[in-house]
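Below is one structure, written out as structure tokens; comments come after it.
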Amino acid sequence: MTVTETAPRNGFRPLLALGTRLTGVQLAQVALTTTDIAMMGTLGVRAVAAGGLAALLYNQIRTMTVGMVTPAGNLVAGTLGRHESGAANGERAVHEEVRGVVRASFAVATVVGALAAGAVIGIGCVLPWFGQSADVVAVAFPMMAALAPGLIPMLWLQVLRQFAVGMHRAGSLLGVTIASIGVNLVLDGGFLYGWLGLPIIGVTGIGLATALVQLLSFLAYLLIVRRDPHLRPALSLRGWRAERQRVAEIVRLGTPACLTYGSEAGITSVATLVMGNFGPVALAAHNLVNQITYIVYQFSIGISQGASILVSRSVGRGDRAEPRRIAYRAFALAGALQLVLAAVYLLAPRSVLGLFLGSNDTVVFGTATTLLLLGIIQQITKGGQNIAVGLMRGLDDTKAGFRSSLVGYWGVGVPGMLLCAYVFGWAAAGVWVGLCLGFGATAVQLLVRFTRAEVPQR
């Protein structure tokens with residue numbers, strides 16, 4: 001077998017290998033954003049406020065667009081599974097089928113990236129309509145305009161990522177992501193302080209640096225993929241030659257995933273807005289604990305994506321029992337991690353919070369400690385629903401995640417948030433109880449759906 005290096009073996013090893021690598025990529029991307037925020041902080045409060053607003057709005061759009069091409073990895077993995085089972089007609093046919101998926105993904109990525117770039121610029125234009133001051137708009141809009149073009153190469157990189165992961169050969173993706181952090185730091189400094197003779201253009205330069213890093217990262221990983229003898233025969237960038245049927249398949253699977261990601265970002269934004277009503281201390285504590293749990297969440301994302309790919313591959317092989325075993329391993333790994341973190345949060349909350357907060361902020365510490373304990377439940381429920389979304393995507397069902405999020409987030413989570421925060425008078429803690437309820441309700445729905453789902457035959 002030469003299509004891939006090896007077929008996955010049974011047990012935890014394939015999930016650990018794939019999940020660990022993808023988690024590393026997720027954490028490196030978080031570090032990339034953290035670098036931007038730190039550099040903006042050197043310019044003062046106005047830069048952080050305006051630049052942070054621009055980055056938040058950009059990331060909302062970016063997160064949704066990634067969902068459009070995420071199913072490509074599952075389609076590639078399913079094709080390889082059929083090859084392993086003998087259902088595919090030879091290695092050349094497998095390469096051609098994978099090329100069709102990749103071409104369609106590049107076509108979708110290019111169109112969606114262009115539309116998303118226009119949306120980011122459009123949102124920047126209407127910021128004054130939402131009560132933003134002229135000073136903030138003057139800084140935020142140019143940064144958003146600089147960030148926008150980077151969405152296209154960012155999605156191209158995501159297509160390559162899904163292609164390589166689906167082929168079970170992610171290779172040096174983590175190395176490229178880590179290297180991009182250093183490049184981003186240098187470019188940030190160049191546009192802020194004139195390093196390397198670059199023009200000083202302020203906060204806008206951070207947006208431009210991010211866009212350039214997205215392009216450079218895509219080109220670097222493309223070079224690596226093209227040099228891989230197992231990946232090169234199945235790679236095609238010719239999106240203009242994509243078959244309509246393949247494009248329609250990517251859009252059919254990607255649209256619900258896109259909306260699911262947007263729904264998750266939406267409930268998080270609502271929680272932040274509600275928290276702001278309880279004063280700066282509550283908001284600061286919320287942002288602090290949210291950042292801690294967001295970092296931990298990347299582990300669940302890595303496990304989810306790895307499990308999703310393995311489920312797709314097992315379905316392609318016609319193995320109807322393996323998806324259930326993969327689900328067990330994914331939840332077992334995530335559960336073990338959450339137990340360890342829960343012990344740390346319970347035994348040493350001040351040490352955890354002290355990594356992000358000065359020792360003099362005693363008032364914030366008190367509120368943040370309460371939220372950190374609720375964060376244990378939030379991490380379990382949010383991570384569980386994300387893993388379940390990945391498992392369902394492995395079964396070619398991306399609509400379940402979106403439907404469940406509508407009920408869980410907006411039918412249970414947001415009403416529960418408002419009820420606990422205002423009616424029960426739990427204030428900041430009530431907001432996090434609502435988040436736990438929303439993620440928990442979504443997780444339960446998806447788990448029930450997965451246990452009852454029929455494994456598709458290909």
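Restricting attention to segment 300-355, report how many residues are surrounded by fewer than 16 Cβ atoms within 10 Å (Cβ to Cβ), small (Gly, Ala, Ser), touching a helix residue (DSSP H, G or I) at 6+ places or on another chain (Cβ under 9 Å) and in a helix (DSSP H, G or I).
Total satisfying the criteria: 3.
Being at negative phi, part of a helix (DSSP H, G or I) and either of a type in the set (S, T, N, Q) or not assigned by TED's automatic domain parsing to the domain that holds ILE309 (or both), is that true of even one residue in segment 398-407?
Looking only at segment 398-407, we keep the residues that are at negative phi, and these are 398-407.
Next cut, part of a helix (DSSP H, G or I) only: 399-407.
Right, trim to either of a type in the set (S, T, N, Q) or not assigned by TED's automatic domain parsing to the domain that holds ILE309 (or both) and you get 404-405.
Looking for residues that are at negative phi, part of a helix (DSSP H, G or I) and either of a type in the set (S, T, N, Q) or not assigned by TED's automatic domain parsing to the domain that holds ILE309 (or both), one finds at least one in segment 398-407, hence yes.
Taking the stated definitions as given, is VAL247 within 24 Å of the chain's Cα centre (by Cα), touching a residue at least 24 places away in the same chain (Cβ under 8 Å), in a helix (DSSP H, G or I) and within 26 Å of GLY51 (Cα to Cα)?
Details: within 24 Å of the chain's Cα centre (by Cα): yes; touching a residue at least 24 places away in the same chain (Cβ under 8 Å): yes; in a helix (DSSP H, G or I): yes; within 26 Å of GLY51 (Cα to Cα): no.
Judged against the criteria, VAL247 is not a match.
I need a count of the residues in segment 394-426 that are of a type in the set (Gly, Ala, Ser) and surrounded by fewer than 17 Cβ atoms within 10 Å (Cβ to Cβ).
2
Looking at TRP129, is it over 20 Å from LEU231 (Cα atoms) and of a type outside the set (A, V, I, L, M)?
Yes, satisfied.
Of all residues in segment 1-23, which are modelled with pLDDT of 80 or more and surrounded by 19 or more Cβ atoms within 10 Å (Cβ to Cβ)?
Within segment 1-23, PRO14, LEU15, LEU18, GLY19, LEU22, THR23 qualify.
Being over 25 Å from PRO456 (Cα atoms), surrounded by 20 or more Cβ atoms within 10 Å (Cβ to Cβ), at pLDDT 95 or above and of a type in the set (A, V, I, L, M, F, W, C): is that true of LEU371 here? If you could, list the steps in order and put the result at the bottom.
Details: over 25 Å from PRO456 (Cα atoms): yes; surrounded by 20 or more Cβ atoms within 10 Å (Cβ to Cβ): yes; at pLDDT 95 or above: no; of a type in the set (A, V, I, L, M, F, W, C): yes.
Taking the combined requirement at face value, the residue does not satisfy it.
Which pairs turn up if I take residues in segment 439-454 that are assigned by TED's automatic domain parsing to the domain that holds GLY416 and look for partners that are among the basic types (Lys, Arg) and buried (at least 18 other Cβ atoms within 10 Å of the Cβ) with beta carbon separation below 6 Å, at least 6 apart in sequence or on another chain?
Note: pairs meeting the criteria are PHE439/LYS382.
Is one or more of the residues making up segment 152-170 assigned by TED's automatic domain parsing to the domain that holds ALA234 and free of Cβ contacts under 8 Å to residues at least 24 places away in the same chain?
No: segment 152-170 contains no residue that is assigned by TED's automatic domain parsing to the domain that holds ALA234 and free of Cβ contacts under 8 Å to residues at least 24 places away in the same chain.
Being under 30 Å from MET144 (Cα atoms) and surrounded by 16 or more Cβ atoms within 10 Å (Cβ to Cβ) is the requirement here; does VAL94 meet it?
Considered against the rule, which asks whether it is under 30 Å from MET144 (Cα atoms) and surrounded by 16 or more Cβ atoms within 10 Å (Cβ to Cβ), VAL94 comes out as no.
Condition check: at pLDDT 90 or above, in contact with a Phe, Trp or Tyr (Cβ under 7 Å, 6 or more places away or on another chain) and within 24 Å of ALA50 (Cβ to Cβ). Does ILE121 satisfy that?
So ILE121 does not fit the description; no.
With the requirement that a residue be surrounded by fewer than 17 Cβ atoms within 10 Å (Cβ to Cβ), touching a Phe, Trp or Tyr at 6+ places or on another chain (Cβ under 9 Å) and in contact (Cβ under 8 Å) with a residue 24 or more places away in the chain, what does segment 173-214 give you?
GLY202
Which residues, counting only those in segment 239-257, are loosely packed, with under 12 Cβ neighbours inside 10 Å and among the charged types (D, E, K, R)?
Correct list: ARG244 only.
Out of the residues in segment 180-212 meeting the condition of being of a type in the set (Ser, Thr, Tyr) and within 25 Å of the chain's Cα centre (by Cα), tell me which one is nearest to LEU43 (Cα to Cα).
Going residue by residue through segment 180-212, those that are of a type in the set (Ser, Thr, Tyr) are 180, 193, 204, 210.
Applying the additional criterion that residues be within 25 Å of the chain's Cα centre (by Cα) yields 180, 204, 210.
Working: SER180: 23, THR204: 12, THR210: 17 Å.
Selected residue: THR204.
The values are calculated or read from the model by the stated rules, or taken from the named source; none is laboratory data. For clarity, every value in this text was computed on a predicted model and none was experimentally measured. Cβ coordinates were reconstructed from backbone atoms using ideal geometry, including for glycine residues, and neighbour counts include every protein chain displayed.
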